[in-house]
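Data block below; observations after.
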2 protein chains.
Amino acid sequence: MSQKIINTDDLAFLLYELLDIERFTQFPRYADHSRDTFDAAIELALKVGAETFAPHNALCDANEPRFEDGKVIIRPEVAAALAVLRDTGLMAASQDYERGGMQLPSVVAQTCIGIIKGANVSTQAYAGLTIAACNLIMAHGSEEYKQRFAEPMMAGRFFGTMCLTEPHAGSSLADIKSRAIPAEDGSYRITGNKIFISAGDHELSENIVHLMLAKLPDAPPGVKGISLFIVPKFLVNEDGSLGERNDVQLAGLIHKMGYRGTTSTMLNFGEKGGAVGYLVGEPHQGLAQMFHMMNEARIGVGLGSVMLGYTGYLHALEYARDRRQGRSLKERDPASPMIPLIEHADVRRMLLAQKAFVEGGLALCLFTSTLIDEKKHADDPLVREEAAGLNDLLTPIVKSWPSQFCLEANSLAIQVHGGYGYTREYPVEQFYRDNRLNPIHEGTHGIQGQDLLGRKVAMQDGRFYQALLGRIRATLDSCGSATELAAQAKLLSDALATLEEVTDALQALRKSDPERALANAYLYMECFGHVVVGWLWLRQAETALKGLQQGGERPKAFYQGKLAACEYFLRYELPKPLALAAVLRDADRTTLDMPAECF
Amino acid sequence: MSQKIINTDDLAFLLYELLDIERFTQFPRYADHSRDTFDAAIELALKVGAETFAPHNALCDANEPRFEDGKVIIRPEVAAALAVLRDTGLMAASQDYERGGMQLPSVVAQTCIGIIKGANVSTQAYAGLTIAACNLIMAHGSEEYKQRFAEPMMAGRFFGTMCLTEPHAGSSLADIKSRAIPAEDGSYRITGNKIFISAGDHELSENIVHLMLAKLPDAPPGVKGISLFIVPKFLVNEDGSLGERNDVQLAGLIHKMGYRGTTSTMLNFGEKGGAVGYLVGEPHQGLAQMFHMMNEARIGVGLGSVMLGYTGYLHALEYARDRRQGRSLKERDPASPMIPLIEHADVRRMLLAQKAFVEGGLALCLFTSTLIDEKKHADDPLVREEAAGLNDLLTPIVKSWPSQFCLEANSLAIQVHGGYGYTREYPVEQFYRDNRLNPIHEGTHGIQGQDLLGRKVAMQDGRFYQALLGRIRATLDSCGSATELAAQAKLLSDALATLEEVTDALQALRKSDPERALANAYLYMECFGHVVVGWLWLRQAETALKGLQQGGERPKAFYQGKLAACEYFLRYELPKPLALAAVLRDADRTTLDMPAECF
């Protein structure tokens, strides 16, 4: 393949064979669409990704944004690529036709933006944050704000940011200190300091629209007192033209291990008296609004992680096919030619692990994206409700699983390259550095684990957890009868039984001793994630088997590869987190009881 | 503590309570030494590490060596620090008195150099490579070469390199193309290209002594045809003065993800007709000679990895004590003050994991170092033989285990820091980047796995493998009777039984189908490593319990921390690699059978 962003056979397999997204064309909203229009959007993204985004990825890593003469200077390739992306219309891929959007299903829009992430995650971030901020205004803002701020964002004229974290408050958003005071004209005057604001200042767009969390004077304490504001870099007049510079100051740039092309900033709001801000929706609803959006933002993080893992895998695969080193154990003649790396079992193990992680992760992200389409646009309200619930349940998984295991895939891609992989002359080390951000932002692993075990599993008396189990059991039932997959189904079925047992024990304990029940929540999430991905692998195997037996669209070797990767995942990876079943079931107190002074 | 390189309580515990290195003062070679002289050397290393090496660690990461006007330009702090180290005499810590050395036990010398690694692994590398190259000449070189090359290296006047890898041959050293032709004066003329040569060119020392692998004209094919040569940058006259520039050219610098302070080079030998080289030892013995040294070099890699993990852990620990974020699950008042990170169970999990990895890894490295002292200087030839065998057996473990799990510790140190950990304003991201080299150089994980399962375990009909099992069983026996540790002993004993079963199955299969038996060698090594480190943790727990009960030298909280970390390791970490027992026992063919075209 000429691009090393994604295996297009795999993508088509997941979208059309596994997830059957053509069914969405039956939803009234997507009635004008067809597989052809989906594919056209995806091919466009691939072309832009490979030709416009990928070529400057290493360049921007080596030349990160810098502050000069009061401005953030970014390599010109970034603005040029974003202009190309803007012109494709993909920044409004899922928006309504009447707003200038393409009205594509969320799963197709995510696929397109995922491809851009795989090509160049840092340049993509400017667009990705804009789409996220725009969606937030579209979900909760007034019609006036939609027109004044969101529509120029869809058109790629304004870019967006998310201003949540403050120097003293990251995971603990309840403790933010930014304040908003009502002004006479109905707007607000905002003061406060924000940190780690990606794309917080630059000259790439006409304007920057900050979506900012702050507290009103009458705010109740804690998370219930947070409100959401639009704070533009330049004020926007009623006719849409730009007005004065708002009171938002760049306080400094942050230098990161990776993701270096995306400028990360400290911003001071209201140093000169107060930045003009506009309340989004009702007062004190900021965190709920933000979390409403978080489901999509967290799929975005997971998908970014998958795509970094995926491109690393394709680079490692090419290298392993080309590079010759050593001989097979059977070959005794030292003068015989060396064999390609891929002929060594241990290299194949590393490639299979990468394949299992990135293709499994992609299946997870795309499946979760289909839930967003279903929850928004399915006819049947019960289907919508279940999709919404499953989406909520899976959000911590889709955020954390890829950011752990596709990072591991990036490490394996380096390992396949040997010493070369450790050098900046090859791209895999950058993917690894870039990907290391993903376990941190949009909620750390620890936060996700608490969310899953402390909230999501128990939602509505476990209704959506049970719905997920039901879906997994249905797959087990259908595979159990196909003898080719019976052994794999058994592996997953045993793991599922363990997960259920552990879940029951912890949910029971949660009522009497939540602190202890949640002490190992991160490890619980690892088990849960592996069972979910194991399920999606078994579904992939089932689909591949059908493709093999019925002569599917893709080559035989492709389907065989899917079967092998499923086997690998269930045998080599699934057992590891499940090995801690006893720790979880017994609500092991080791971490809880360790006194701070004993470290 | 003022330095964050190592916990000196832990170091003293390991050296004196666990490993009882004072016993070495009874060896004639170390008769002049005492705990005081050991401690003096260690304190000196700590002072030099903290005051001279650590302060420029981030600086050299941000300002890597560059090529200008025909020279490699390195920050001046590097030469200054190495001069201080040279003046301490620590570069000859384990050498004979009559050569100007301190004649310290290997375990003390390794401890000292380990501390310098923890302070600044990149600057240390210039010294570390010099010590390794010097040891190689001391082991196999003629008296003439010892005086002409090795003694100036001990004195820190000449630095050394190891020139093994060529652009087309890394793991597969059998395939090197460098050639050596005998000259009339008894020396050789060397031609060839080498890559990834750390410290390959610089202006830090009077001269650079390259230890280089090349082939003689009559060399048999493969590894049996490799010879070892000394190739100095400047020729050295008989009186020790420097002569002409030798025919060794810098062909380029390599830019790495981490370890940036250590210049990595491509070197061309003999572009102008042939570099002058001197054969070390007998012809065609180069690989054996190199491997003779590899045991110490690989402990060096493992120790470097441990020390990077260790300093990361201490930074994370300090941050977790200082930084406040969120509240306990019991606290319902959002206006209550935030609690230190270390109060959160998930943060304690990450700190316990780091503690278990780095203190367990340090125990592993120091234990293995004591084997070197025993194998060289113990009175009893049987003790020497067993120590040599155990040292051989454990070499792949001591190289690979820390470079996997102490790298994981570095990742956890970042995670404890949250967003701050991902920035270059904090040191933990550098430790992570630096440490990522360790799974690659001096033999990748894949190579180590083959070495362990394909060679070391079976050496002398499994004699040293059995000796190791015997030592583990002895610890299990003594802990089994102490009820406080009976549960932990049971966990290790079960793991040991699994390892034995797996080993027996694979050793049996190795005779009939070595390719299949070795296909999962890497995973076997993970199990083996965890059992060995689990054993050393149980020994630490046993020693700590004694310290608690008999009022040992260290604070009570310290001993309690050791008991908790042992519990953590055996319960939370040991089960994971062992969960693949079935894959190993059944010699699972998944990786072996995957056809290359199915990826």
| note | Total charge of the residues flanking B:S305 in space, meaning their Cβ is under 12 Å from its Cβ, with Lys and Arg +1 and Asp and Glu -1, is +1
| query | Cα atoms only, segment B:445-589: Rg and Dmax in Å? | reply | 16.7, 55
| said: Report the Cα centroid-to-centroid distance between segment B:195-249 and segment B:552-579 in angstrom, as an integer. | reply: 46 Å
| remark: Placing +1 on each Lys and Arg Cβ and -1 on each Asp and Glu Cβ in segment B:445-589, then taking the dipole about the Cα centre, the residue among B:L548, B:L518, B:A487 whose Cα reaches farthest towards the positive end is B:L548
| query | Based only on the alpha carbon positions, what is the Kirkwood hydrodynamic radius of the protein assembly as shown, in angstrom? | reply | 31.4 Å
| query | So how strong a dipole does the protein assembly as shown carry about its Cα centre when Lys and Arg Cβ are +1 and Asp and Glu Cβ are -1, to the nearest 20 debye? | reply | 380 debye
| query | Ordered by residue, what ³J(HN,Hα) values in Hz, to whole numbers, does segment B:208-216 give under the Karplus form 6.51 cos²θ - 1.76 cosθ + 1.60, where θ = phi - 60° and Gly and Pro are x? | reply | 10, 9, 8, 9, 10, 8, 8, 10, 7
| request: State the percent of C-alpha pairs, over all pairs in chain A, separated by a distance greater than 38 angstrom. | output: 32 percent
| What is the minimum Cβ-to-axis distance for chain B, in whole Å, where the axis maps B onto A, and to which residue does it belong? | B:A579, 2
| message | If I take R0 = 51 Å and measure r between the Cβ atoms of A:K177 and B:E144 in this structure, what FRET efficiency does the formula 1/(1 + (r/R0)^6) give, to the nearest 0.05? | response | 0.10
| Share of segment B:132-288's accessible area from carbon and sulfur, percent, 1.4 Å? | 49 percent
| query | Can you pull the mean other chain C-beta count within 10 Å for peptide A:324-331? | reply | 5
| request: Using a 1.4 angstrom probe, figure out how much accessible area segment B:445-589 has per residue, in square angstrom, rounded to the nearest whole. | output: 36 Å²
| note | Residues from segment A:159-178 losing no less than 20 square angstrom of accessible surface in the full protein assembly compared with the chain alone, 1.4 angstrom probe, ligands and nucleic acids excluded, are A:P167, A:H168, A:S172, A:D175
| Other protein chain Cβ atoms within 10 Å, averaged over every residue that makes up B:88-101 | 0
| remark: The farthest towards the positive end of the charge dipole of the protein assembly as shown, of the residues A:Y572, B:W401, A:L250, given +1 on Cβ of Lys and Arg and -1 on Cβ of Asp and Glu, is A:Y572
| message | I need the calculated FRET efficiency for the pair A:F27 and A:L382, taking r as the beta carbon distance and R₀ as 22 Å, to the nearest 0.05. | response | 0.90
| request: Run down the lysines and flag those whose C-alpha is under 24 Å from the C-alpha of B:K47, throwing out any fewer than 8 positions away in its chain. | output: B:K4, B:K117, B:K355
| said: What does the copy distance list look like for B:S142, label position 7 Å along Cα→Cβ, in nm and ordered from shortest? | reply: 9.4
| task | Please go through segment B:468-565 and write out the GluC sites (Glu not before Pro) that DSSP classes as loop and that have at most 16 other C-beta atoms within 10 Å. | result | B:E553
| query | In the neighborhood of A:E144, defined by Cβ-to-Cβ distances under 12 Å, what is the net charge if each Lys or Arg adds +1 and each Asp or Glu adds -1? | reply | -1
| query | Taking the Cα-to-Cβ direction at B:A80 and at A:K330 and moving 7 Å from each Cα, how far apart do the two end points lie in nm? | reply | 6.1 nm
| query | Which distances, in nm and shortest first, link the A:E206 label point to the same label point in every other copy, taking 7 Å along Cα→Cβ? | reply | 7.1
| message | What translational diffusion coefficient, to the nearest whole µm²/s, does segment B:421-500 have by Stokes-Einstein, given a Kirkwood radius computed over alpha-carbon pairs, a temperature of 37 °C and 0.692 mPa s viscosity? | response | 204 µm²/s
| remark: Among GluC sites (Glu not before Pro) in segment A:144-233, those in a DSSP loop whose Cβ has at most 13 other Cβ atoms within 10 Å are A:E184, A:E203
| Student exercise, segment A:444-591 dipole from Lys, Arg, Asp, Glu Cβ charges, in Debye to nearest 20 | 320 debye
| Could you work out Rg/(2.2 N^0.38 Å) for segment B:306-427, with Rg from alpha carbons only? | 1.46
| task | Could you pull the copy-to-copy label distances for A:L59, with points set 7 Å along Cα to Cβ, in nm to one decimal and sorted shortest first? | result | 3.4
| query | Counting Lys and Arg as +1 and Asp and Glu as -1, each charge on the Cβ, what is the dipole of segment A:327-461 about the Cα centre in debye, to the nearest 20? | reply | 540 debye
| Roughly how much accessible area, to the nearest 100 Å², goes out of reach of solvent when A and B pair up, both sides summed, probe 1.4 Å? | 8200 Å²
| said: If each DSSP helix of 4+ residues adds -39,500 (n - 2.57) and the sum is divided by the residues in chain B, what number results at 222 nm, nearest 500 deg cm²/dmol? | reply: -17000 deg cm²/dmol
| note | In whole angstrom, the spacing between the Cα centers of segment B:509-535 and segment A:462-478 equals 37 Å
| request: Could you grab the relative contact order for segment B:445-589? Cα pairs under 8 Å, six or more apart, rounded to a whole percent. | output: 32 percent
| request: Shielding by partners for B:346-353, please: the mean number of other protein chain Cβ atoms within 10 Å of each residue's Cβ. | output: 6
| Euclidean distance of C-alpha centroids, segment B:285-357 and segment B:111-161, integer Å | 30 Å
| request: For segment A:444-591, build the charge dipole from Cβ charges (+1 Lys, Arg; -1 Asp, Glu) around the Cα centre, then report which of A:L452, A:W535, A:Q507 sits farthest towards its positive end. | output: A:W535
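The values are calculated or read from the model by the stated rules, or taken from the named source; none is laboratory data. This is a predicted model, so every value here is computed, not measured. Because the Cβ atoms are built from the backbone with ideal geometry, glycine has one as well, and the counts that use them run over all protein chains shown. Areas reflect the complete protein model, heavy atoms only, side chains present, ligands, DNA and RNA absent. Shrake-Rupley method; radii C 1.70, N 1.55, O 1.52, S 1.80 Å.
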